[in-house]
Structure formats: C-alpha cells, structure tokens
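**Student:** Below is a structure I'd like to ask you about.
The values are calculated or read from the model by the stated rules, or taken from the named source; none is laboratory data. Keep in mind that this is a model prediction, so the values were computed, not measured. Heads up, the Cβs are rebuilt from the backbone with ideal geometry, glycines too, and the neighbour counts pull from every protein chain shown. Side chains included, ligands, DNA and RNA excluded: accessible areas come from the protein's heavy atoms. Shrake-Rupley method; radii C 1.70, N 1.55, O 1.52, S 1.80 Å.
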Amino acid sequence: MSFSSAVVFLWLASSRNRLRLQLQRLRRPRYLVGALVGLGYVYSIFLRRLEFGGTLSNVPPGVRLFAELSLVVSALVTVFSAWALGPDRPSLTFTESEVVQLFPAPVTRRSLLHYKLARGLMGAAAGALFASLFVGRLVSPAPGFFFLGAFLSLGTLYLHSTAASFMRTRWGEWGTRGLVARWVALGCVLAAVGLAVYSSLEAHPFPRTVGTPGVLRNWVQSLVESPGLSAVLWPARLLVAPALARDASDFLSALPPVLVLALAHYVWVRLAEVPFEESAVTQAETRTRERAQRASGGSARGGALASRKAPFRLSARGRPEVALIWKNLITRRRMTGGVVSVLASLLLGCAIVAMMGESRFFTDTRRVLGPLGVSLAAMMAVVGPSVFRMDLRMDLPKLDLLRALPLAGWQVVGAELAASALVVGALQLGLLTVGLLCGPGAEDPWLATWWWPGGVALAVLLPTVSLAGLFVQNAAVVLFPAWVPADRTGSARGIEALGQRLLTLVGSLVVSLVGLLPAALAGAVVGFPLWSSLEVWALPLGAAAASAVLAAEVGLGVLTLGRAFEHLDVSEDRPE
Amino acid sequence: MDFVLRVAGLEKRYGAVNAVQGLTFAVAPGEVLGLVGPNGAGKTSTLRCLAGILPPTSGRVVVAGYDLAKDAVDAKRELAFLPDEPRFFDYLTVWEHLNFTARLYGVEDWEERGKALLEEMELTGKEKALPGELSRGMKQKLSIACGFLHSPKLILLDEPLTGLDPIGIRRMKASLRRRAEEGAALVLSSHLLPLVEELCHRLLVIAGGRAMALGSLEAIRARLSGPEGESASLEDLFVRITSAAETEKPPP
C-alpha cells in the first residue's frame, strides 16, 4: 500500500469510525435529544440562510466594498504575519500521533509535506465553508462561487505561510545576517507601502464632512483606486476576486490568475522545502503537554506561581472540608483569569465612560465610580459564576482523587462551592462599598433617598444570588457529566454535544429563575408589610428574607447534590 | 481472624460489560495480597471499588470494620489509594499537598511525619515545587508520601513502581515491606510478576473479571500440580491460569 493510499485509508476509516461512534451514542436518549436540538439549531441559524433568492442588486455597493476591503486587509495581514511574526521555524504542525506513526514510517519527507499540505487545504475548505455559511449571503449572491473562491484564497494563503516559514528557517540558519536581511527586505516593502498610502492620501484627503450618505464610501472607493494604493492592494484583490464574483462569467474570468498564483505558491513550497521533523516533534510535545495541563485545570506556567502564599495557615485540627476551601483559595491566588477579567471589565467601563465624553470622569472621578461600582457588583452576580471556576468544574477531571477523600458528598460539594462563592461575594461587597461611599453620581433627591437602603439590600442579596448561580453551574456538571464537560478540553464533540450544551444553558437559566421565585416571594412577604413603617429601609429587610430563603435552597441543594456526587459514575462515558 | 479488608460478591458493570464478577476475598493486617491478571482483567476497577471511587454494582466491601457503602467516610479514613497515574492539584506545592492531606485525615504531627516521608522518598528540597515541576517518578513518590502520611490500615496500590528508578524501586519495596510489618494490609496490583512474587504473601489471579486463583504461591502451585507443577514459576502459573480463563470464555 502506497503512502497516499494509506493516508486516504486513515482519513476514511477515521471519519467512518467517528460517525459510527456518534450514531451508536444516539441510542442513548440524552445524545439523541442533544442531536435533535443541535440539528435544529444549525438549521435555524446557518442552513436556512442558504435559501438564496437574491440577485446581484441585493448586495449594496457599500457592503460589497466593505467586504472586499475586509478580505483584502485580512489577506495582507496574513502575509505580513507570515514574514514578521513568530519564530523562524517551519510552520508545519503535526500531532503527537502523527509524529509517532508517520515519522518512523518508510516515507519520504516530500510525502509528509504533501500529507500536511493536503490537511492544510482541507482546513482551508472547512474555513471557506464556515465563511460561506456566516457571511456568504451578505456579500455574494452566488454561495457556490463564494465557497470556491474563498477556498482558493485560503489555500493560497496557507501555501504562502508555509513557504514563508521555510524561507525564514533558511535565513534563520544564517544567524544575525539572515535576520538583518529579512528585516531590511520587510522594511523596504513596508516603506514602499507607506509611501503609496501617503501619496494616495495626498491625492484624496479625508473629506471634511462625512455626514452625507455615500461621501465616506466614495472617498474609500477613490482612495483604493488611486495608482499607489491600488498597486499595493492589487495581488490581494486578485486573490479575493473569485469569492466576490457576481456570476459565472465573472468567476471564470477571475479564476485563471488565482489558479496561477496557487500553482506558483505550490512550486515555491516545493523549492523552499527545509527539514521540518525536529521542529514538528518539539511543537507536538509542547502542545500535548499544554493540553494535558489544561485538561487537568492547570496552567503551563508554574515556578513563579508557587511563591504566592496560602491565604491562611491550615491547621491539622478542625473540619476536614476546610482543606478543600483552603486548596481552592490557593488556586485562586495562583491563577490570574478571574481577577484579570474583573480588572479588564473595570478598565473597559472606565474607557467607555471616557469615550462617551463624560468629562466628569476626569474632573469628578468619585461621581462616576459610584454608579460604576454598584453596576459591576450587580453584573458580577451574572458573570461571576461563569468566570470564577475554582470548584467542581475545575476539580471534576480529578474525580478519582475527590472520591477517595474521607469526606461525605455534601462536604465535598459544599467546600468546592465555598471558595468561588467567597471570592465572588468579597468582590461584590468590595465594589458595593466603593460604589456606596462614592455616592450616586447625580444630584437627584429620589436617587439619594434610595442609594443607601438599595445598596445595603444589594450587599445582603447579591452574594447569595452569586452562590445560587455557582450552585446551578456545579449541579449541571455533577448531574450531567456527559453533557457538561468539566475539563477545559471539552472532550465531547459533534452535533449532539452542541445540542446538549444548548439544553444545559437553557436548563441552567430556567433552574436559576425558578430558584429565585420563592426568594422573591419571601422578600415581598417581608418587605411590603414593613414599607408603611420603615419606607425605603424595608428594602434591606426584604432582601435579607429573600437571601435567607435562597441560602436555604442552596443548602438543601448541596445535600441533594452531595448524594448525587456520591453515586456519580462517570465510567459509563469513560470506560476503563 | 480480624481482617482489615473483607470483600464479598463484588461486582462492577459498565453498561453491558461485566468488569468484575463476584470477587470474594479478605486481607489480614500485615498481609500483602497481590492482584494479578492480564490487561482488561478488571484489576483497576476492583481497586477503584475497594477505594470507594467507583460504586460497586453489587457486593459488600468492609474496611477496618466499616462498610464502604454505609460508612464511606470512616472507611476511607482508614485506607490509602495510590493510583498508577498520580493525580495532584496543580496549584498546591509538595509541602501544601502534605498539609492538605493532614487536615483531611486529622494528622496533628504531620510536619514531623511529612519531613520523614519526604526524606524517605528522596523529595527533600522539593517542598516548594508544584506538581508540574516534578518528574514522573517524583510524582509517584509524592503520591506515596501523601498516602502514607495518615498511617492507613489498608493500602491499595495500582502499579506502584511505575516511573521509579532502580534505587527508588528498592526503597519502595523496603517501604512497603515495613508498612506491612507495622500491621498495614496491602493490596498490590502489578504486571511485574517478580515484584509480586517477592512481596506478596498471597495472590489473587483474576481474568475476565473473575477470580481464577486465590492463595499463596505454593498453594496455587499445588492446586495446579501438573507434570512440572512443583518447579513452575509465577510466570508459568500466570500463563497457565489466564490461558485456561481464555478457553473458558463464552463465545461472543
């Protein structure tokens, strides 16, 4: 059997077996329901869009120009990245299995290269298919031509990136001389592009008024058609022309240059070929190691993190489940994700306020920070449970380890929830404190009356709402381990997995809302009678009642979930 | 006799597959039971059921007098499970793993014990390292140190020598022998037949999830007294028993 027929066999057999496995899984109702929901979703979101009834006139010229420029700029950025960014090594990547199975096989390097190029072109076809589904209808009246054109463009760019990486590897072997040569060449090209852009802008300056419809579009049109810039954009426009073809004759006339370009790139890859085995092996090992660490909830980084101290000294005496809380709080300190997200939200909020022209942000920061702090604290009740995940969602891949601990199920579930809840709650209270102290930010008597009672009510209620959100997300992992992948690698794939995730998302929302109903009822029962005597200060008391009911619900839930955790048997989906 | 581990009619099914079928045996204090069998025989499933990780489909497991189904927490407090692939919490250092284990099992003199164990496992100086910074063998040693910290009455080991260098293997054998001499009961699953022959007092040979032979090497040898029965090595006996199990298999 030749290598090419072996590869075809590998792909066909793998596809067939994967399909068979997926079909076998459909015998279980949960996968069947997931598949049906997933298919319905894909049909309603993507496939229905393929019902093209439009003609050329349906694509407005502005949209067409924008689409063409987007594609052209994407192509140019890809080319620039291939030459300027990343290390000087072959870009061909192989999986660890491919390295182990194919590298020692009696095949030439050229065969391996063709194998990888074929995989790359298959990836380009998949990319073109998705592009056709997502944006094809918006920019082209002919989805078939758009797909073929996008495939040719992406395939040629893939070949270009491969050839560029080979050239960079060759130059890299020259040491500093190669580096200087590459950057001098890049500098010359960038200077020529800069000059072309400058001359075009000189000839077509930005219009003084852009309020009239079409002014901006006409300016962009004239700019890209100016001699300098059109010369810069010419190769990329040539490349994307078949994808934007209006009809068959348009497509056929745009096709030959792209085919020539693709063929020339293939010849270039063949001529520039360098040994890629060593780099491929190193990259495969690195990826496997990183994937394994991600799968176990870990991070590729390590050493420096260990120096961050534990939040408190853990005595050997006392309730054993505190050890799990202690462990998860250490994890929180040594991870960056959640805190970075919160800081990013804060920065984003400040940036939006600044961009909106809120001059008080600079003159009276306190007044802007007040509402911002309260809003972020409220947002944390929704976002926090998804961002802070140092609980069962992180530890369930280590189920064997958790199950061997001398703890009852409810102790494990409760302790796992506690760390995330403590962190989210502390952040909310911190943000509320800042917000309340800074004030409402407006001289509004109504707002001034409600500010403190409302703030105290939020301080009582929000941490419990976050706890309930965390509970629902952890319950989904325990009750539907096959539906909700706890590890970050997300082992389940396919249409049924998509459907299952949608169902889980909707289910989580429904459960959260249903869980909030008794709490809201309790809040109303306590708050309304007190309104006549306490007025706005009845709000914190109502919130306290709602919070107590919610906490009791979570407590009951932890006991129930603990029993489910004790009987959790993931072996059905993870045979020995 | 007061057994540390008593197993009666243990069964574990994965869907339609019977991984473990009707295992019944007991292990006394100070005894080392070797669990041997071909790949897929059900050894790891058995150990996971004994450790309370997998719920058995049926049967009873009693650890140090505690029924694993009814008093799971008390039973688990008396045992240690050392898996073939050690799993750790990625963000806890070596020393913090010992601290964590100490709190779970209430080991008050853990610092003293921990230092001694790290020294015994040649991990001194690695206290501040995260699991990701340890080699495969070091991880195995850390797993053993955490497992031994609370002086368990029952130690379940799945391929305990994987990843250890020759000196580590020698130390580990001595360490296991010492734990047995101190009164712990050990159940050791391994494909390394010389290790099993050297350390184990009794053997449980399983194939296809069923117990094919249980007893001391001499007793098994005597039971299978063929033409070369008396001089047969464990390897010969293993091949003979598992081959017999193969022929007993029902047609698919």
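**Student:** Give all pairs with beta carbons closer than 6 Å in which a residue from the range A:188-199 that is under 16 Å from A:Ser222 (Cβ atoms) meets a residue that is at pLDDT 90 or above and loosely packed, with under 14 Cβ neighbours inside 10 Å; count only pairs at least 6 apart in sequence or on separate chains.
**Tutor:** none
**Student:** Take the conditions farther than 25 Å from A:Leu138 by Cβ and either under 34 Å from the mean Cα position of the chain (by Cα) or open to solvent by 20 Å² or more (accessible area, probe 1.4 Å) (or both) and apply them to A:Val220. Does it pass? I'd like the intermediate steps shown before the answer.
**Tutor:** Working: farther than 25 Å from A:Leu138 by Cβ: no; either under 34 Å from the mean Cα position of the chain (by Cα) or open to solvent by 20 Å² or more (accessible area, probe 1.4 Å) (or both): yes.
Taking the combined requirement at face value, the residue does not satisfy it.
**Student:** Something else now. Considering only residues that are at pLDDT 60 or above and more than 7 Å from chain B (Cβ to nearest Cβ), look in the range A:295-314 and name the one that is least open to solvent (accessible area, probe 1.4 Å).
**Tutor:** Out of the qualifying residues, it is A:Pro311.
**Student:** Out of curiosity, is B:Ile220 surrounded by 16 or more Cβ atoms within 10 Å (Cβ to Cβ), among the hydrophobic types (A, V, I, L, M, F, W, C), under 25 Å from B:Asp2 (Cα atoms) and modelled with pLDDT under 90?
**Tutor:** Yes, satisfied.
**Student:** Search the range B:105-127 for residues being acidic (Asp, Glu) and assigned to a loop (DSSP other than H, G, I, E, B), and hand back the single one that is nearest to the other protein chains (Cβ to nearest Cβ).
**Tutor:** Here is the first cut: in the range B:105-127, the residues acidic (Asp, Glu) are B:108-109, B:111-112, B:119-120, B:122, B:127.
After this cut, where a residue has to be assigned to a loop (DSSP other than H, G, I, E, B) as well, the list is B:108-109, B:122, B:127.
Numbers: B:Glu108: 5, B:Asp109: 8, B:Glu122: 20, B:Glu127: 10 Å.
Looking at the filtered set, the residue picked out is B:Glu108.
Results for (1) of a type in the set (S, T, N, Q); (2) over 22 Å from A:Val139 (Cβ atoms), shown as yes or no for each residue.
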position: A:Leu201; (1), (2): no, yes
position: A:Ser226; (1), (2): yes, yes
position: A:Ala254; (1), (2): no, no
position: A:Leu261; (1), (2): no, no
position: A:Ala272; (1), (2): no, yes
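**Student:** For A:Pro205, are the conditions met, namely being outside any helix (DSSP H, G or I) and either in the same structural domain as A:Leu121 (by TED's automatic domain parsing) or under 18 Å from A:Thr156 (Cβ atoms) (or both)? So that I can check it myself, show each step before the final result.
**Tutor:** Numbers: outside any helix (DSSP H, G or I): yes; either in the same structural domain as A:Leu121 (by TED's automatic domain parsing) or under 18 Å from A:Thr156 (Cβ atoms) (or both): yes.
Here the answer is yes, as A:Pro205 does meet what is asked.
**Student:** Could you please let me know if A:Phe80 is open to solvent by less than 30 Å² (accessible area, probe 1.4 Å) and in the same structural domain as A:Ala248 (by TED's automatic domain parsing)? Show your work before the answer.
**Tutor:** Details: open to solvent by less than 30 Å² (accessible area, probe 1.4 Å): no; in the same structural domain as A:Ala248 (by TED's automatic domain parsing): yes.
Criteria not met by A:Phe80.
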